[in-house]
Amino acid sequence: MSREECAELDAADPLAALRAEFELPGGVVYLAGNSLGALPKAAAERVGEMVREEWGRGLVGSWNAAGWFDLPRAAGDRIAPLIGAAPGEVVVGDSTSVNVFKVVAAALGLRPGRRVILSDLDNFPTDRYMIEGAAGALGPYEIRDVTAATLAGALDADVAAVVLSEVDYRTGARYDMAETTRLVQDAGAIMIWDLCHSAGALPVELNACGVDFAVGCTYKYLNGGPGSPAFVFAASRHLAEARQPLSGWHGHAAPFAFEPSYRPAEGATRFLVGTPPVLSYGGLMASLDLWEKADIADVRAKSVSLTSLFIRLVEERCPELELVSPRDPERRGSQVAFRHAEGYAIVRAAIDRGVVGDFRAPDILRFGFAPLYVSHTDVWDAADVLADVFETGAWRDPAYARRLAVT
Ligand SMILES: *Cc1c(COP(=O)(O)O)cnc(C)c1O
């Protein structure tokens with residue numbers, strides 16, 4: 001595959017026009033959109049306008065006039081179609097970590113008498129930490145670790161909830177959501193999916209799969225901006241009964257009645273807690289405008305094309321790197337991971353040469369492919385830079401061995 005052939009693929013790409021909607025620095029191939037999505041040009045405009053007009057001129061009246069109060073629901077309803085949810089089932093607020101706590105608590109409440117929570121050993125650590133916190137605060141509950149291979153054998157009548165990430169943050173390996181959800185629910189347990197590496201990366205069909213609860217962040221493939229608030233999904237069949245213990249006033253049935261006691265709001269609103277970080281919704285809402293121009297089936301097709309091409313080029317040109325992600329595109333998300341003992345130094349050397357990936361301990365080089373703004377020629381250039389890092393031994397520079405605070 002030549003760079004010219006990659007350019008031909010880009011010329012036929014139905015998403016190609018969206019790249020111009022992003023502010024991408026020149027000379028950079030950005031393959032860390034699975035960590036922090038790129039800046040949509042309209043997001044910068046939108047946040048500026050919110051600051052100057054809505055905050056500066058509208059002041060406190062903007063809670064009504066500018067729709068600030070409804071942002072968590074409005075953003076949720078716009079994310080819903082991207083994850084196969086219905087209006088009213090998704091709200092946006094807090095972080096994924098906090099939302100894991102809420103949905104685990106809700107799940108435990110729906111399965112009284114069951115004392116076990118299952119989680120993937122390879123799940124993102126914050127999910128595991130939050131499950132530990134919930135189990136301690138609400139329990140005691142026992143946490144058992146599973147893998148995709150051991151899950152079926154671990155399901156028994158004691159299991160209240162199962163918490164899994166659809167796409168593994170390190171390897172990009174993807175669970176079969178439909179099959180796994182069925183397995184878990186057949187055992188009488190509640191299925192909770194973390195969609196941090198799924199939302200905006202591939203089609204998700206929460207309701208078609210009968211999922212109970214889901215959470216996910218908006219600052220990765222959804223491009224909502226650094227620290228933009230996370231989403232939480234609760235299937236409508238659970239909305240009347242599900243309770244979560246972070247019973248703040250924005251989840252109250254009548255927040256401005258200032259009643260002395262908590263009464264949960266109807267619908268997914270009961271998963272909200274306190275005052276939303278209004279400015280952080282600005283970037284997200286502008287980014288969601290772009291998602292209305294993208295067909296998620298095109299996004300997935302391009303993602304498979306980009307990741308498959310990257311695997312092929314890197315394996316041809318950098319035999320030192322061992323593929324960690326599943327080779328079968330059906331079994332992986334929108335990222336590719338390789339293993340190398342000196343992975344950290346290699347990633348740093350590539351970043352200095354304009355190819356931004358990241359490193360995950362102990363030895364994983366991780367490259368995310370955000371189909372809205374990454375092209376096939378980007379993939380070619382990234383593989384070329386990696387090959388150069390090996391050929392020249394550039395990664396051996398001792399400066400690249402020193403770990404920065406954020407890897
Ligand atoms: C990125 C990510 C998170 C991040 O959680 P925050 O609360 O936003 O820090 C959580 N879980 C998974 C699986 C992730 O990939």
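A few remarks follow.
- Taking every residue in the stretch 207-219 that is within 24 Å of Ala32 (Cβ to Cβ) and modelled with pLDDT of 95 or more and pairing it with any residue that is near the ligand (Cβ under 8 Å from one of its atoms) and part of a strand (DSSP E or B), at least 6 positions away or on another chain, the pairs with Cβ-Cβ distances below 7 Å are Val215/Asp194; Gly216/Asp194.
Yes/no matrix, rows are residues, columns are (1) closer than 18 Å to Val215 by Cα; (2) modelled with pLDDT of 95 or more; (3) of a type in the set (S, T, N, Q):
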| site | (1), (2), (3) |
| --- | --- |
| Asn34 | yes, yes, yes |
| Glu53 | no, yes, no |
| Gly58 | no, yes, no |
| Ala74 | yes, yes, no |
| Ile79 | yes, yes, no |
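Yes/no matrix, rows are residues, columns are (1) in contact (Cβ under 8 Å) with a residue 40 or more places away in the chain; (2) open to solvent by 10 Å² or more (accessible area, probe 1.4 Å):
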site: Ala65; (1), (2): no, yes
site: Ala75; (1), (2): yes, no
site: Leu82; (1), (2): yes, yes
site: Ile117; (1), (2): yes, no
site: Tyr129; (1), (2): no, yes
site: Pro140; (1), (2): no, yes
site: Ala154; (1), (2): no, yes
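- If you check Asp94, Asp145, Asp176 for being at pLDDT 95 or above, within 16 Å of the ligand (Cβ to nearest atom) and closer than 22 Å to Arg331 by Cα, only one passes: Asp145.
- Complete set of residues in the stretch 150-180 that are in a helix (DSSP H, G or I) and either more than 29 Å from Val336 (Cα to Cα) or out of contact with any helix residue (DSSP H, G or I) (no Cβ under 9 Å at 6 or more places or on another chain) (or both): Gly153, Ala154, Met177, Ala178, Glu179
- Failed criterion for Glu205 (all others in (1) within 16 Å of the ligand (Cβ to nearest atom); (2) of a type in the set (Asp, Glu); (3) part of a loop (DSSP other than H, G, I, E, B) hold): (1)
- Residue within the stretch 35-51 that is of a type in the set (S, T, N, Q), buried (at least 21 other Cβ atoms within 10 Å of the Cβ) and in contact with a Gly (Cβ under 9 Å, 6 or more places away or on another chain) present: no
Each row is one residue, and each column tells you yes or no for (1) touching a residue at least 60 places away in the same chain (Cβ under 8 Å); (2) open to solvent by 60 Å² or more (accessible area, probe 1.4 Å); (3) touching a helix residue (DSSP H, G or I) at 6+ places or on another chain (Cβ under 8 Å); (4) closer than 26 Å to Val204 by Cα.
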residue: Pro264; (1), (2), (3), (4): no, no, yes, no
residue: Gly283; (1), (2), (3), (4): yes, no, yes, yes
residue: Trp291; (1), (2), (3), (4): yes, no, yes, yes
residue: Asp295; (1), (2), (3), (4): yes, yes, no, yes
residue: Ser303; (1), (2), (3), (4): yes, no, no, yes
residue: Glu320; (1), (2), (3), (4): yes, yes, yes, no
residue: Pro326; (1), (2), (3), (4): yes, no, no, yes
residue: Phe338; (1), (2), (3), (4): no, no, yes, yes
residue: Arg353; (1), (2), (3), (4): no, yes, yes, no
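- Every pair of residues 6+ apart whose Cβ atoms lie under 6 Å, when the first sits in the stretch 98-109 and is in the same structural domain as Gly133 (by the TED database) while the second is of a type in the set (Ser, Thr, Tyr) and more than 16 Å from the ligand (Cβ to nearest atom): none
- Tally, over the stretch 27-65, of residues that are among the hydrophobic types (A, V, I, L, M, F, W, C) and either within 23 Å of Glu292 (Cβ to Cβ) or touching a strand residue (DSSP E or B) at 6+ places or on another chain (Cβ under 9 Å) (or both): 12
- Test: residue in the stretch 319-326 that is of a type in the set (Gly, Ala, Ser) and outside the structural domain of Ala74 (by the TED database): yes
- Residue within the stretch 151-162 that is more than 12 Å from Val184 (Cβ to Cβ) and within 16 Å of the ligand (Cβ to nearest atom) present: no
- Test: residue in the stretch 182-200 that is of a type in the set (A, V, I, L, M), surrounded by fewer than 16 Cβ atoms within 10 Å (Cβ to Cβ) and in the same structural domain as Pro125 (by the TED database): no
- Considering the conditions (1) surrounded by 12 or more Cβ atoms within 10 Å (Cβ to Cβ); (2) not assigned by the TED database to the domain that holds Gly26, Val389 is excluded by exactly one of them, (2).
The values are calculated or read from the model by the stated rules, or taken from the named source; none is laboratory data. Note that the coordinates shown come from a computational prediction; the quantities given were computed from them, not determined experimentally. Cβ sites come from the backbone with ideal geometry, for glycine too, and all protein chains shown count toward neighbours. Remember, those area values only see protein heavy atoms, side chains included, never the ligands or the DNA or RNA. Shrake-Rupley method; radii C 1.70, N 1.55, O 1.52, S 1.80 Å.
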